[in-house]
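Structure first, then comments.
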Amino acid sequence: MDSLNLSNPNGLSSPPKAPDQVRLGAGAGFAGDRLDPAIALAEHGRLDFLVFELLGERTVAAAQRREREIADTGFDPTLIDRIVSVAPHCAANGTRIITNGGAANPRAAAEAVAEAVRKLDVDLPVAYVSGDDVLQIVENTDPVTWETGQPASSIDGELISANAYLGSEPIRRALDAGARIVITGRVADPSLYVGAMAHHFDWDLHDADLIGRATVIGHLLECAGQVTGGYFADPVTKPVNGLAELGFPFADVDADAQAVLGKLDGSGGEVSVHTCTEQLLYEVAVPSAYITPDVTADFSHVSFEQVSADRVRVSGGSGAVKPSDLKVTLGYDSGWQGEGQISYTGIRSKERAELAAAIILERLKSLHGFDPNSVFVEYIGMAAAFRGLMKVDTSAEVRLRIVGSANSRRRAAIIGDEVEALYTNGPAGGGGARKSVHSVISVKSCSVDRAIIEDAASVEFVDGCAEI
């Protein structure tokens, strides 16, 4: 992919940062995130670091499956395009790149990125972090899973991946050694930012209060557009302007891990006390004990101050000793899932959709031998998302969705085929039928002694693969 050449119709710009601060920009908050806000930040943000957070728990398990099927494909499929699009700006502006887009194969990702960067004729040395793949350790120790209280080996399905959440230390090590692009596998999201801050300020990673405050900043940035109004927006109670041109956030951080969050002037969205407060609490079960590999952070005394339009000062935060164990995400191959959908509209659409479902369920059981407990039915448009907690009597249209599990692709396909056949064999007026089949990865979690994992973690450069 060629580097995008975005025009600057909104006059995108950013203020200079203070000489005693480091500026961190969020380039992505998940694997499917937009590209243009990251390019804008790389070009106009005056960044020291640009971070692409691309991994979810199922994302890394899916990457492990790809790697099993075709060697050297287990990294994020969007990674090369992202790096190529921002690399010229980052090289020109002195911006370093950090990403967990290495997923299941950071080495292959780093080699592919290094080759792509060489073709751009820019000087951005690439290092990668390995050691988060702990499948062999889990198979040998058989830890208990959090969700079931049972050993990992007792879970249905084949265990295909086990990835530990590493912390900021190997990222900091790579940056200390001169890397301009650092690629990791599974690393805790805030740690991507903590590693950059620790490198820049030469922090002691055992200073729990300092790293706790840094984790606050990393957590605020990790979901990118969420803290600039995306996901926050509601057209009635929380209107946000310019969502089609949503800008991604950056943070100016000082040596004491105090920060001001902002976005590019001229970009859409907003940075406010309200958006920051929502993101601070996002995916946080206990604000006073937010556990990462780096620290047990305390968010309970964090405060926000609106210092100007789209600029919010972040203060407070502390930490306690980091945990003795690391979280590990387990991925299981759980067979196949078949799906079929069809719509009914107008008078008695609900009744016709229910009749259609009854037909399919009867055929799946009597003709094809499906266990009724393996088939799920929902009526989209009838408060389906509430799972029966909200009753809706009538609807102008209903979309019937039937999903079922199977042990083979061929058997899973039966479900969609039966739904499609309703065109001429079911209730009147069915339309818009769609069907699909996909493999299923289920995810569980466990804990493993961090000493065992960290002993295997390493940092290497692509050129010569010299271990640091």
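Table for the structure above
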| quantity | calculated |
| --- | --- |
| Size of electric dipole in the chain: Cβ of Lys, Arg +1 and of Asp, Glu -1, about Cα centre, debye, nearest 20 | 1580 |
| Loop-resident sites, segment 1-108, for GluC sites (Glu not before Pro), counting at most 16 other Cβ within 10 Å (DSSP) | none |
| Ordering of 340-352, 291-303 by packing [mean C-beta count within 10 Å, highest first] | 291-303, 340-352 |
| Violating pairs (Cα-Cα greater than 23 angstrom) within the set K350/K391; K238/K263; K263/K327 | K263/K327 |
| Amide H within-cut-off set for W146, under 5 Å, with H built and near neighbours excluded | S445, C446 |
| Cα shape, segment 138-195, gyration tensor, a/c 1.5 rule | prolate |
| Segment 335-445: equivalent-ellipsoid semi-axes (sqrt of 5 x gyration tensor eigenvalues, Cα, Å) | 24, 17, 12 |
| Tilt relative to the chain, helix 208-221 - C-alpha long axis, 0 to 90 degrees, to 10 | 50 |
| Surface share of carbon and sulfur [accessible, 1.4 angstrom probe, percent] for the chain | 51 |
| Karplus-derived 3J(HN,Hα), 6.51/-1.76/1.60, for each residue of segment 118-124, Hz, glycine and proline x | 4, 5, 7, 6, 10, 9, 9 |
| Share, in percent, of DSSP beta bridges within the chain that are antiparallel, nearest 5 | 80 |
| Dipole magnitude of segment 335-445 about its Cα centre (Cβ charges: Lys, Arg +1; Asp, Glu -1), debye to nearest 20 | 260 |
| Packing rank of 20-26, 78-84, 186-192, where each peptide gets the mean count of other beta carbons within 10 Å, highest leading | 186-192, 20-26, 78-84 |
| Proximal charge balance of A353 [Cβ under 13 Å; K/R count +1, D/E count -1] | +1 |
| Contour minus Cα-Cα distance for R348 and R65 (0.36 nm per residue) | 97.4 nm |
| Mean accessible surface per residue for segment 335-445, computed with a 1.4 Å probe while every protein chain stays in place, in Å² | 56 |
| Between helix 409-420 and the chain: long-axis angle, C-alpha atoms, 0 to 90°, nearest 10 | 60 |
| Of every Cα-Cα pair in segment 383-468, the percent that sits beyond 14 Å | 79 |
| Phi-based couplings in Hz for segment 25-41 (Karplus 6.51, -1.76, 1.60; Gly and Pro marked x) | x, 8, x, 6, x, 6, 5, x, 6, 5, 9, 4, x, 5, 4, 4, 5 |
| Residue (of Q337, A384, V448) at the positive-pole extreme of segment 326-468, dipole from beta-carbon charges | A384 |
| Correct choice for semi-axes √(5λ) of the Cα gyration tensor in Å that was computed from the model, options [x] 47, 26, 22; [y] 41, 28, 22; [z] 46, 27, 16 | [y] |
| Spacing of the two label points (7 Å from each Cα toward its C-beta) at S439 and N373, in nm | 2.7 |
| Cα-based reach from K365 at 19 Å (exclusive), listing aspartates and glutamates while leaving out same-chain residues under 8 positions away | E339, E354, E378, D417, E418, E420 |
| The chain: angle of helix 189-201 to the longest principal axis, Cα-based, in degrees nearest 10 | 10 |
| Packing rank of 422-434, 384-396, where each peptide gets the mean count of other beta carbons within 10 Å, highest leading | 422-434, 384-396 |
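The values are calculated or read from the model by the stated rules, or taken from the named source; none is laboratory data. Quantities reported herein were computed from a predicted structural model and do not represent experimental measurements. Positions of Cβ are generated from backbone atoms using ideal geometry, with glycine treated the same way; all protein chains shown enter the neighbour counts. Surface areas here come from the heavy atoms of the whole protein model, side chains and all, with no ligands, DNA or RNA. Shrake-Rupley method; radii C 1.70, N 1.55, O 1.52, S 1.80 Å.
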